[in-house]
Structures are given as C-alpha cells and as structure tokens.
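Peer 1: I have a structure here, written as structure tokens, and I will follow up with some questions on it.
The values are calculated or read from the model by the stated rules, or taken from the named source; none is laboratory data. As the structure is a computational prediction, the values presented were derived from the model and not from experiment. Don't worry about glycine lacking a Cβ; one is built from the backbone with ideal geometry, like all the others, and counts go over all protein chains shown.
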Amino acid sequence: MDDFLKENYSLITSMVELFAAIIGVITYKSYKFTPVKYIIYFLAYAFFVDLIGGYPNYLKDIGYFHLIEGTLIESNYWWYTLFWWIGLALMMVFVNYKVVKTVRFKQILKYGFYIYLLQVILYIIFKFENLFNYNEFISIASLWIIILSIIIYFFETLASETIVLFYKSIYFYFNATFFIWILIIFPILFFELYFIEDDWDYVLLKWKIHLSLNIFLYMTLSAALLFCKPKAQ
C-alpha cells in the first residue's frame, strides 16, 4: 500500500480534483446565475494549480531538473503559497460575501479581507525570499480569514429562517466541508518542516491524511453540486 501511494499519490489527487471539476462543468448550467458558479470556477482552478505545482517532479522525471536546481523556484512552496492559499482565501470570502445578506456581516468580511490583503502584501514586500522556502505566515493568515468567512455564514444561517432547510443549501456543505478540512489541515502545517524524503514514515502519514481530506472535500462538493438546487441570487 505504501509503495503504491509513493508511486501514485499525485495521480490520485489529480484524478479526484479532475472529477470534481468535471462535475462542476456538467452542473454549471444549473448554477450559472448563482454564486455557486464561483465554487465551480475554483474547482477547475484548484485542479490546474495542483497540476502545474508538480513541476519539480515533472522536471526530475524528464531529466531537466538541473534547469531550476539551486534557484528560488527549485521547490514549489512559492507556487502553493501564492496560488492555493491566497486563491482559496479569496474564493471563500468572495462566495460568502455574495451569500450573506446582513450588511454588518458583509462589512466585517470586507474589512477583514482588506486587513488580510495588507498582511500578505507587506509580507511579500519585506519577506520576499521567504516565499520560496517553507513559511507558514501566509497560510495561517489565509486560514484566519477563511474561518472568519465561514463563521459569518453560519452566524447568519443560525439567525435566519433558512436554518430550517439548511441541509438543502449547497453553501452549508461548502462551508462545513472546508471548515472540517481546515480543522485537520491546520495542525499539519506546523510539522511541514519535517516533510523530507529521509523520513518516509512522516511523509507517508502526511500523504494519507492529505489524500483522505482531499477525497472527502472534493467528493462532498461534487455530491452537493449534483443534489442541491440553490435559488438564483
């Protein structure tokens, strides 16, 4: 099993993401006049981010890794920092900003996102080289604004009549799924420094957790797209 995971981890992850993106394309017509379309865009975006993010392994496989060896982009930390964490934060805030109706909650989301954006910009300006090595600042900053957007969605849902039919809303599954994903992924971020090929026990454990979480995330979102029917907003 471990040998199979070593050889096929990236492929399995890509297939799961591709499946969710395809479901998004198939169901797009039903959701094109709702904020759900941005979730569908993100599913396609996430697939391509992970696909392109594997460039170090692709170059090793074809014997061209020497082209980036010793450069700032030798590792793909910068890619996932800029395109996964910031992209995820932007998508979560934007979708929930579209969904919530309470003006006060919208303002909290808006100004919270401005603070987050300022943090990211200042960090990139003053700690530019850290982007190319593992550093958890941007991922943690992204996590707090994501959690804030999720909490605001649940607060408004609990305070409104929609709580009665919450299980019919794709936005509930969208926020609940990402909330569970974040609660599990967050502690792993602090152990990222130990993610080295010399310690395969830890590497395989992390891969198993990530793969299980990604299957849970993308399959849940796919099922929600297929079975939920949100009203146009």
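Peer 1: Let me confirm something: among Y97, Y31, which residue is under 29 Å from F137 (Cβ atoms) and either in contact (Cβ under 8 Å) with a residue 24 or more places away in the chain or in contact with a Phe, Trp or Tyr (Cβ under 9 Å, 6 or more places away or on another chain) (or both)?
Peer 2: Y97
Peer 1: Being in a helix (DSSP H, G or I) and not hydrophobic (A, V, I, L, M, F, W, C) is the filter; apply it to region 66-89 and report the residue that is surrounded by the most Cβ atoms within 10 Å (Cβ to Cβ). If you could, list the steps in order and put the result at the bottom.
Peer 2: So the first thing to find is which residues in region 66-89 are in a helix (DSSP H, G or I), and the list is 66-67, 77-89.
Still in the running and not hydrophobic (A, V, I, L, M, F, W, C): 66, 77, 80-81, 87.
Details: H66: 9, Y77: 19, Y80: 18, T81: 23, G87: 16.
Among those residues, the one meeting the criterion is T81.
Peer 1: Among the candidates I146, I152, single out the residue that is under 16 Å from the mean Cα position of the chain (by Cα), at pLDDT 95 or above and either loosely packed, with under 14 Cβ neighbours inside 10 Å or not polar (S, T, N, Q) (or both). Before the answer, list the steps.
Peer 2: Values: I152 fails: under 16 Å from the mean Cα position of the chain (by Cα).
Going through I146, I152 in turn, just one is under 16 Å from the mean Cα position of the chain (by Cα), at pLDDT 95 or above and either loosely packed, with under 14 Cβ neighbours inside 10 Å or not polar (S, T, N, Q) (or both): I146.
Peer 1: Using the structure shown, decide if A176 is surrounded by fewer than 18 Cβ atoms within 10 Å (Cβ to Cβ), within 17 Å of the chain's Cα centre (by Cα) and over 24 Å from G53 (Cα atoms). Walk me through how you get there before you give the answer.
Peer 2: On the way: surrounded by fewer than 18 Cβ atoms within 10 Å (Cβ to Cβ): yes; within 17 Å of the chain's Cα centre (by Cα): yes; over 24 Å from G53 (Cα atoms): yes.
Spelling it out, A176 is indeed surrounded by fewer than 18 Cβ atoms within 10 Å (Cβ to Cβ), within 17 Å of the chain's Cα centre (by Cα) and over 24 Å from G53 (Cα atoms).
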